[in-house]
Amino acid sequence: MLVADNSQRAFIEGRQFFFLDRQNEQWVVRDNRFFYDSSSLSMSPSGTLYVTGQSVYKREGGAWNKILDGFKTLYSIGIHGIDDNNIFVVGRSNLEPYPGAIYHYNGTDWFNFQNLNITDFVYFDVWADGREVFVVGHRGNQSIVLHGK
């Protein structure tokens with residue numbers, strides 16, 4: 001179970017994604033859209049939900065809209081947004097030789113930190129606060145923590 005906050009929850013069972021909302025002391029299914037290989041759920045400070053996996057989706061007006069096409073760029077594993085115009089997504093590139101990849105969204109465009117696309121690395125999670133960013137990943141049995149300011 002992934003918890004978005006006290007009144008909204010998301011469950012991933014197999015490859016089915018369920019978004020639940022708490023109403024009148026019971027959980028109500030709001031959405032059960034299929035996502036291929038969903039890996040992470042994140043809620044921005046404004047309450048916008050994002051899900052990662054084969055692509056990155058943003059929940060808008062009751063629908064999930066693709067904001068980063070993973071088939072062309074990235075299998076996304078971790079996501080963290082400072083706000084809806086400052087989002088980091090990490091994972092593994094879908095382009096040979098499949099290096100670890102880090103993307104940043106500024107509200108308009110996605111930027112790939114190509115100098116950090118390291119072959120045989122996979123990045124698993126990211127955290128940022130507006131001043132600095134931490135990314136964790138590994139290559140085989142070697143762990144890596146990147147720290148940027």
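So, in the stretch 100-112, exactly how many residues are within 18 Å of ILE82 (Cα to Cα), of a type in the set (A, V, I, L, M, F, W, C) and surrounded by 14 or more Cβ atoms within 10 Å (Cβ to Cβ)?
2
Is the stretch 55-70 home to any residue that is modelled with pLDDT of 85 or more, in contact with a strand residue (DSSP E or B) (Cβ under 9 Å, 6 or more places away or on another chain) and small (Gly, Ala, Ser)?
yes
For the stretch 48-92, what are the residues that are closer than 20 Å to HIS138 by Cα and among the β-branched types (Val, Ile, Thr)?
THR52, THR73, ILE77, ILE79, VAL89, VAL90
Here are ILE102, ILE87, ILE118: which of them is of a type in the set (A, V, I, L, M), under 17 Å from SER44 (Cβ atoms) and touching a strand residue (DSSP E or B) at 6+ places or on another chain (Cβ under 9 Å)?
ILE87
How about the stretch 62-84: which of its residues are of a type in the set (Gly, Ala, Ser) and either crowded, with 16+ Cβ neighbours inside 10 Å or within 13 Å of SER40 (Cβ to Cβ) (or both)? Walk me through how you get there before you give the answer.
Applying the first criterion (of a type in the set (Gly, Ala, Ser)) to the stretch 62-84 yields 62-63, 70, 76, 78, 81.
Result: GLY70, SER76, GLY78, GLY81.
Please report, ordered by residue number, the strands (runs of 3 or more DSSP E) entirely within the stretch 32-149 with at least 2 residues that are of a type in the set (Phe, Trp, Tyr) and out of contact with any helix residue (DSSP H, G or I) (no Cβ under 9 Å at 6 or more places or on another chain).
Details: elements: 40-43, 49-52, 56-60, 63-68, 74-83, 86-93, 100-105, 110-112, 122-128, 133-139, 142-148.
Counting at least 2 such residues, we get 100-105, 110-112, 122-128.
Considering only residues that are farther than 15 Å from PHE124 by Cα and among the aliphatic types (A, V, I, L, M), which ones fall in the stretch 65-86?
Selection gives ILE67, LEU68, ILE82.
The values are calculated or read from the model by the stated rules, or taken from the named source; none is laboratory data. Only a predicted model underlies this, so the values are computations on that prediction, with no experimental measurement involved. Reconstructed Cβ throughout: ideal geometry from the backbone, glycine too, with neighbour counts over all protein chains shown.
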